[in-house]
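The values are calculated or read from the model by the stated rules, or taken from the named source; none is laboratory data. Everything numeric in this text was worked out from a predicted model, so none of it was measured. We place every Cβ from the backbone using ideal geometry, glycine too, and count neighbours over all the protein chains shown. Surface accessibility is based on the protein's heavy atoms, side chains included, excluding ligands, DNA and RNA. Shrake-Rupley method; radii C 1.70, N 1.55, O 1.52, S 1.80 Å.
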Amino acid sequence: MYPISSLEMISTSRCMVHLDGGDSLPLYKKELALYGISVGAEISPEIYHEITEVLLPKRACQRAMHLLQKMDRTEYQLRKKLQESGYPLQIIDHAIDYVKGFHYIDDVRYAWNYIDFRKHDQSRRQIMMALQEKGISDTDIQAALDETDFPDEIDQIQKWKEKKHYCSETADLREKQKFYQFLLRKGYSASSIRKVL
């Protein structure tokens, strides 16, 4: 038997059922009534199995599919969203494996699309940092970079120079420092910046 220690409302229709031992199950109000769940009651092994092996895995897969319909996500981002919905780790793993089986998430593909869209406006280093923040591994980032024809850093800096109407001959020291710092923040190497400026 699985004793219920507390119920926590996480939305107007959803409740987190906390069990003795630390497990938690996100259920709808109608399911509380259906399974006879209340504080102090116990969940039978049969009902626990039905909830954790049938109901929640199916719901987590549907939630993952719904999230991916709205926008492409990395595995890390999808895991985070499912955690926010209150799903236990093993059910999140199941949902991730399910969508991976259909190639609905693919971190290399995500990284390649991200790079391809931004490679003309952002430095290689800036793009790599953004992808790392999205939870993509260095291996997957490198695989995507290897498939990308990345513009030359010097050419990119020249474009920024034109876009910002920067002229090395007329710029005073303050303007030079400001533009130099701007390019450093964009992730360009100091040697490339000096070469252009």
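Tabulated data for the structure shown
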| quantity | calculated |
| --- | --- |
| Which listed residue, of Asp155, Asp121, is out of contact with any strand residue (DSSP E or B) (no Cβ under 6 Å at 6 or more places or on another chain) and part of a helix (DSSP H, G or I) | Asp155 |
| Criterion violated by Gln83 - all others in (1) farther than 30 Å from Gln132 by Cβ; (2) open to solvent by 20 Å² or more (accessible area, probe 1.4 Å) satisfied | (1) |
| Hits in the stretch 148-197 - residues which are under 14 Å from Arg125 (Cβ atoms) and among the aliphatic types (A, V, I, L, M) | Ile157, Leu183, Leu184, Ala190, Ile193 |
| The listed residue being more than 30 Å from Asp140 (Cβ to Cβ) and in contact (Cβ under 8 Å) with a residue 40 or more places away in the chain, out of Leu25, Leu32 | Leu25 |
| Number of the exception - Ile136 against (1) among the hydrophobic types (A, V, I, L, M, F, W, C); (2) under 22 Å from the mean Cα position of the chain (by Cα); (3) in a helix (DSSP H, G or I) | (3) |
| Filter result for Ala111 (open to solvent by less than 50 Å² (accessible area, probe 1.4 Å), free of Cβ contacts under 8 Å to residues at least 40 places away in the same chain and either of a type in the set (D, E, K, R) or assigned to a helix (DSSP H, G or I) (or both)) | yes |
| All positions within the stretch 86-108 that are within 18 Å of Leu56 (Cβ to Cβ) and surrounded by 15 or more Cβ atoms within 10 Å (Cβ to Cβ) | Gly86, Tyr87, Pro88, Ile91, Ile92, Asp93, His94, Ala95, Ile96, Tyr98, Val99 |
| Among (1) open to solvent by 70 Å² or more (accessible area, probe 1.4 Å); (2) in contact (Cβ under 8 Å) with a residue 40 or more places away in the chain; (3) touching a Ser or Thr at 6+ places or on another chain (Cβ under 9 Å), the one test that Arg124 misses | (3) |
| Neighbours by Cβ (under 7 Å, 6+ apart or cross-chain): first from the stretch 164-179, surrounded by 11 or more Cβ atoms within 10 Å (Cβ to Cβ); second of a type in the set (D, E, K, R) | Phe179/Lys164 |
| Selection from the stretch 35-57 of residues that are touching a residue at least 24 places away in the same chain (Cβ under 8 Å), surrounded by 12 or more Cβ atoms within 10 Å (Cβ to Cβ) and among the hydrophobic types (A, V, I, L, M, F, W, C) | Ile37, Ala41, Ile43, Ile51, Leu55, Leu56 |
| Options Lys186, Lys195; residue that is open to solvent by 40 Å² or more (accessible area, probe 1.4 Å), in contact with a Ser or Thr (Cβ under 6 Å, 6 or more places away or on another chain) and touching a residue at least 24 places away in the same chain (Cβ under 8 Å) | Lys186 |
| Count of the stretch 139-152 residues which are open to solvent by less than 50 Å² (accessible area, probe 1.4 Å) and assigned to a helix (DSSP H, G or I) | 5 |
